[in-house]
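The values are calculated or read from the model by the stated rules, or taken from the named source; none is laboratory data. Bear in mind that the values here come from a model prediction, so they are computed numbers and not experimental data. As a convention, Cβ positions derive from the backbone with ideal geometry for all residues, glycine included, and neighbour counts pool all protein chains shown. Each accessible area value is taken on the protein alone, full model and side chains, heavy atoms only, with ligands, DNA and RNA left out. Shrake-Rupley method; radii C 1.70, N 1.55, O 1.52, S 1.80 Å.
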Amino acid sequence: MNKKNIFSNFKTYGKYLWNRPLLPEKRFVIFGRGRSGSTLLVSLLNTHSQIYCDGEILHDWVSFPRLQINVCASRCQRPVYGFKLLSYQMRDIQPIINSTQFLTNLYQHGYQIIYLRRRNLLTHAFSNINARQQKFHHQSSQGTIQNHKIYVDYQTLINWIEHSEQLEQYEHKIIQNLPCLSLIYEDHLLTPESQQKTADQIFNWLDLPPESVTTNFVKLMPSDLSKRIVNYEELVTKLQQTRYARFLENPN
């Protein structure tokens, strides 16, 4: 971050601390890994007339992450404010010494926690690799769907799975003693039917009336991975000899 941005941040923080604006009465955070459906969930929740959900407000380094969250919440014009916090941002980007205490502090100050994760680490890895090779991370139904086939290096795939495992362990350590609404992408967000059901569950959890939800985002990776990955069969043969073979049983 350059000096101009640092000065601007401190000016914003000073204004917030001087005025101490009221925060929305109801607040929440979507916590988890990237490529686990968090952007989709944000878009669904923003359909509700009483919710405004920010994206990754801690994507870039800031001097005071906790203060940054409240500054963003104070700008919300709706009764309920939420934001997305990816675990790698806590671990690798922000100046957070004790991640468990950081999330605990959020909870103690009124931020309810939605913990979103992905069960199948293989498809999670494919999703990350595809996003980087195609050079985009989300696809709107209003745009042209990209169907380019990709080649996936086996060791790169294993590295991504191991990286996801490490983040999962990190998340579990942080979240294990905190009350949260736990969601799994494959169970709660994979289909339009499950998306509405999950949204209704969250609205009820927040003591809000149900509303119909919609999204322009579409699934980037097809259910049949062989249609996107040119060397899929080769990868399957190698994975069958590893402890990750279980992820081949239901690759959604």
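Condition first: open to solvent by 40 Å² or more (accessible area, probe 1.4 Å) and out of contact with any strand residue (DSSP E or B) (no Cβ under 8 Å at 6 or more places or on another chain). Now tell me which residues in the range 229-241 satisfy that. Steps first, answer last, please.
Pass one, the range 229-241, residues open to solvent by 40 Å² or more (accessible area, probe 1.4 Å): 230, 233-234, 237-238, 240-241.
The answer is GLU233, GLU234, THR237, LYS238, GLN240, GLN241.
Write out, first by first residue and then by second, each pair whose Cβ atoms fall under 8 Å of each other, whose residues are 6+ apart or on separate chains, and whose first residue, in the range 110-127, is free of Cβ contacts under 8 Å to residues at least 40 places away in the same chain while the second is open to solvent by less than 10 Å² (accessible area, probe 1.4 Å) and in a helix (DSSP H, G or I).
ALA125/LEU157; ALA125/ILE161; ALA125/SER164
Which pairs do you get when a residue that is closer than 28 Å to GLN108 by Cα, found in the range 173-191, comes within reach of a residue that is of a type in the set (D, E, K, R) and part of a loop (DSSP other than H, G, I, E, B), reach meaning Cβ atoms under 8 angstrom, with the pair 6+ apart or on two chains?
ILE184/ARG118; ILE184/ARG119; TYR185/ARG118; TYR185/ARG119
Restricting to the range 151-171, give me the number of residues that are surrounded by 19 or more Cβ atoms within 10 Å (Cβ to Cβ) and part of a loop (DSSP other than H, G, I, E, B).
1
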